[in-house]
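Comments concern the structure below.
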Amino acid sequence: MDEAPNFFKSIEGRSYEELTPKEQQKLIEISKTAKVAYDEISTIVNEGTEPQISSLSSSLASAQYLEDEMSKAIEAVVYAGLPNLSVAEIAISFLNSNDARDIGINYAALQGYSVTWDNPADAYRHFSWNWFNSEDINVNDARSFGDYHELALVAANYVNPMGGKTYDEKVAIGVAKVFSTRSSTQGSLSTFNSVFDNASIMDITNNSQGRKYSLNYSFSNVADAFYAAYFTNDVLIGYLSEITSSVRSTAYSYWQ
């Protein structure tokens, strides 16, 4: 896995189809190895732990977020190509993701929401994950986790409909798509708007604010930080209907 960062750098900006057959095979090999390593980290982190979910929210405990196995696999491989992310940091982010998930589920139950996405519970979850990661790791790496999570979802939507491709090929194609998409969306507002739907814009905004409230404020807990961001300062997006061209432009400034 030590060769992954340099290899990813060497193919950056090119789609899977633009790689040589040798590079394609190398990407598939790295992807398979990275996925195994990522699954091992996940198993160790989650072993013996139970979601901290109240009885009030038990009906929401099995809620499936809008992520699938493909997006998780792509995300796992991307992390292996980022030299700034250590195994320990990936494990911490896992734990923080679990805590943020539980916060979102409990908040949804308390507010009477029937789902845990595209509403203030979803905003709380994304804000919390990025706040926790910024507090426990650092803001720059928290951004890597947040940004590449969103890019992996985009890439999964791109590869899932592909016919005639193996699972490993789809993961590799998705990984190449992540890096090319990041570059193209950072360089053009029109491309940014064409790639990210309103749900992604909501997440990008709330992720960024979670990091900002860790960096620029001195809240002792995430609940106080969320209350200030959502209710006092009104800087979070709670519903997709709030997405306007102005919100998209602001999200683009965060993304750059």
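For the stretch 7-44, name all the residues that are surrounded by fewer than 15 Cβ atoms within 10 Å (Cβ to Cβ) and part of a loop (DSSP other than H, G, I, E, B). If the condition is that a residue be surrounded by fewer than 15 Cβ atoms within 10 Å (Cβ to Cβ) and part of a loop (DSSP other than H, G, I, E, B), then Glu12, Gly13, Arg14, Ser15, Thr20 are the ones that fit.
A Cβ distance below 8 Å, combined with a sequence gap of six or more or placement on separate chains, defines the contacts here; from the stretch 87-98, residues that are charged (D, E, K, R) reach residues that are assigned to a helix (DSSP H, G or I) in the pairs Glu89/Asp141.
Conditions tested, residue by residue: (1) loosely packed, with under 14 Cβ neighbours inside 10 Å; (2) farther than 25 Å from Trp117 by Cα; (3) out of contact with any strand residue (DSSP E or B) (no Cβ under 6 Å at 6 or more places or on another chain).
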{"position": "Gly187", "(1), (2), (3)": "yes, yes, yes"}
{"position": "Ser190", "(1), (2), (3)": "yes, yes, yes"}
{"position": "Ile204", "(1), (2), (3)": "no, no, yes"}
{"position": "Arg211", "(1), (2), (3)": "no, no, yes"}
{"position": "Ser214", "(1), (2), (3)": "no, no, yes"}
{"position": "Ala223", "(1), (2), (3)": "yes, no, yes"}
{"position": "Ala229", "(1), (2), (3)": "no, no, yes"}
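Restricting attention to the stretch 11-51, the residues being of a type in the set (Ser, Thr, Tyr) and farther than 24 Å from Ser183 by Cβ number 4.
Against the definition (more than 24 Å from Pro120 (Cβ to Cβ) and at pLDDT below 95), how does Ser184 come out, yes or no?
Yes.
The conditions of being buried (at least 23 other Cβ atoms within 10 Å of the Cβ) and part of a helix (DSSP H, G or I) are not met by Ala91. Residues that are in a helix (DSSP H, G or I) and either in contact with a His (Cβ under 6 Å, 6 or more places away or on another chain) or within 20 Å of Trp255 (Cβ to Cβ) (or both) within the stretch 101-127 comprise Asp122, Ala123, Arg125, His126, Phe127, listed in sequence order. Any residue that is without any contact (Cβ under 8 Å) to a residue 60 or more places away in the chain, hydroxyl-bearing (Ser, Thr, Tyr) and closer than 20 Å to Asp203 by Cα - is there at least one of those in the stretch 140-157? Checked against the condition, which is being without any contact (Cβ under 8 Å) to a residue 60 or more places away in the chain, hydroxyl-bearing (Ser, Thr, Tyr) and closer than 20 Å to Asp203 by Cα, the stretch 140-157 yields no hits at all. Need pairs with beta-carbon distance below 9 Å; first residue assigned to a loop (DSSP other than H, G, I, E, B) and within the stretch 161-186, second hydrophobic (A, V, I, L, M, F, W, C) and surrounded by 21 or more Cβ atoms within 10 Å (Cβ to Cβ); sequence gap 6+ or separate chains. Filtered contacts from the stretch 161-186: Met162/Ile173; Lys165/Val159; Lys165/Ile173.
The values are calculated or read from the model by the stated rules, or taken from the named source; none is laboratory data. On a predicted model such as this, the values are computed, not experimentally measured, just so you know. Here Cβ is always computed from backbone atoms with ideal geometry, including for glycine, and neighbour counts include all displayed protein chains.
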